[in-house]
Amino acid sequence: MALFGALFLALLAGAHAEFPGCKIRVTSKALELVKQEGLRFLEQELETITIPDLRGKEGHFYYNISEVKVTELQLTSSELDFQPQQELMLQITNASLGLRFRRQLLYWFFYDGGYINASAEGVSIRTGLELSRDPAGRMKVSNVSCQASVSRMHAAFGGTFKKVYDFLSTFITSGMRFLLNQQICPVLYHAGTVLLNSLLDTVPVRSSVDELVGIDYSLMKDPVASTSNLDMDFRGAFFPLTERNWSLPNQAVEPQLQEEERMVYVAFSEFFFDSAMESYFRAGALQLSLVGDKVPHDLDMLLRATYFGSIVLLSPEVIDSPLKLELRVLAPPRCTIKPSGTTISVTASVTIALVPPDQPEVQLSSMTMDARLSAKMALRGKALRTQLDLRRFRIYSNHSALESLALIPLQAPLKTMLQIGVMPMLNERTWRGVQIPLPEGINFVREVVTNHAGFLTIGADLHFAKGLREVIEKNRPADVRASTAPPPSTAAV
């Protein structure tokens, strides 16, 4: 009985679980590119290390090492991997740091000073980034683990007291090595929890698409890492800007990502596109009215000839009035994705009327239009774009079959009018596209679209249009290094 109850609760929970409308998978193929850009950023960050002054006394010798600066960083061996518990793990081995500092030595009344170059060798760094979903649905670096060690240091002492420095070098370099160990992890912690998070802040969560609708790209759960990829589930739902709390129930199938050959894969379910079309429908955008000169001349003549019997019965001042053709979508269009392609079904009313000046319009006819559009998706940069094409079209009367037969001559010219006058306006908007949830400075290239039953996937490679440093500097928050103290250092001395 207990087993039956547990099974029932599991089924109930599953029935109420909301599927994502958009999924993104970053594969291990992207790690080499990400590592190259990340190491450039890391080198620049490690060069900002500040090491406290080192003062000491050995017998009658007093020494002071100050103004320590990192001048060069060489990363000879590094690996970046996905790890199920840590998400991203970077390991650097056998790196070296070039240093320059000021030396001061006092022995009785004799003083020696100057600048000197040094090197830290055998530098090893192991740092992990833990990714999670914050309360607003944004991906964040929630924790940074770090282990760092410097195997040895060498300083080329010279000057008046070279032999004395050689004697003291063991004390000085050991002290500098200890201080350097203590500074590496705080720099990496700040880079992860502050600077990289400022980069992730450029990923849209709830943003406007245009003046009518917005889109919700909030994460539905924490990112999930395996040894070969990182998966993220986004809500992927549009909404009217006048109804920000409105939400379309997601009854589509859950998109699946199985491929791992490209750097990144994005999947969109039918819900993603349905929510867009319903949002525009609720915003009142799916209607078109053509009056007078806006109606193509040939179509105007054909419509007047078709309804000549009704027009001649009207008063003379109405007969020559401008013609009005109005299309109004009756219900939110629906998207169907199959392996053979993507189609959009639309049902609209078509109203034909005369519009005499300063008088109520005179309706000549009202009919229903069923249309089926084919849709081709493409990724350009980081925008998902759509190209629509009118495939099937028919009009019929809601009043009688006889009237539907009378509308057959109008079918071809109305379809031509839609193809010439309406479709270009739709494509101008859909080709502008909607942004995919990627950080600023990163774009998709060499994309391939694949249709499945109920969803489509787009595989692509990544391209850094801007360097991490450029984007982070642009979005860098106020320096909060002092208020973001890292966890206790695990550096090895």
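Quick notes on this one:
- Residue pairs meeting the criteria (Cβ under 7 Å; at least 6 apart or on separate chains; first at positive phi, in region 224-238; second open to solvent by less than 10 Å² (accessible area, probe 1.4 Å) and in a loop (DSSP other than H, G, I, E, B)): GLY236/PRO20; GLY236/GLY21; GLY236/TYR217
- Listing of strands (runs of 3 or more DSSP E) fully contained in region 236-307 that carry 2 or more residues being modelled with pLDDT under 90: 287-291
- Qualifying residue in region 130-148 (condition: of a type in the set (Ser, Thr, Tyr), at negative phi and within 22 Å of the chain's Cα centre (by Cα)): yes
- Residue under evaluation PRO488, criteria (1) in contact with a Ser or Thr (Cβ under 9 Å, 6 or more places away or on another chain); (2) of a type outside the set (Gly, Ala, Ser); (3) at pLDDT below 80; (4) outside any helix (DSSP H, G or I), criterion not met: (1)
- Number of positions in region 376-392 that are buried (at least 19 other Cβ atoms within 10 Å of the Cβ) and either over 28 Å from the mean Cα position of the chain (by Cα) or of a type in the set (Gly, Ala, Ser) (or both): 0
A quick yes/no check of all residues on (1) within 19 Å of ALA30 (Cβ to Cβ); (2) in a helix (DSSP H, G or I):
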{"residue": "LEU390", "(1), (2)": "no, no"}
{"residue": "PRO413", "(1), (2)": "no, yes"}
{"residue": "ALA453", "(1), (2)": "no, no"}
{"residue": "ASP461", "(1), (2)": "yes, no"}
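- Residue count for region 415-451, restricted to those that are in contact with a helix residue (DSSP H, G or I) (Cβ under 9 Å, 6 or more places away or on another chain) and assigned to a loop (DSSP other than H, G, I, E, B): 3
- The set of residues in region 411-427 that are under 18 Å from LEU303 (Cα atoms) and open to solvent by 40 Å² or more (accessible area, probe 1.4 Å) comprises GLN411, ALA412, LYS415, THR416, GLN419, ILE420.
- Extreme residue, nearest to SER207 (Cα to Cα), among residues of region 217-237 that are surrounded by 20 or more Cβ atoms within 10 Å (Cβ to Cβ) and in contact with a Pro (Cβ under 7 Å, 6 or more places away or on another chain): TYR217
- Flag if GLU428 is assigned by the TED database to the domain that holds LEU299 and modelled with pLDDT under 80: no
The values are calculated or read from the model by the stated rules, or taken from the named source; none is laboratory data. Just so we're clear, the structure is a prediction, and the values are computed from it rather than from any experiment. Note: ideal-geometry Cβ built from the backbone for every residue, glycine included; neighbour counts use all protein chains shown. SASA here: full protein model, heavy atoms, side chains in, ligands and nucleic acids out. Shrake-Rupley method; radii C 1.70, N 1.55, O 1.52, S 1.80 Å.
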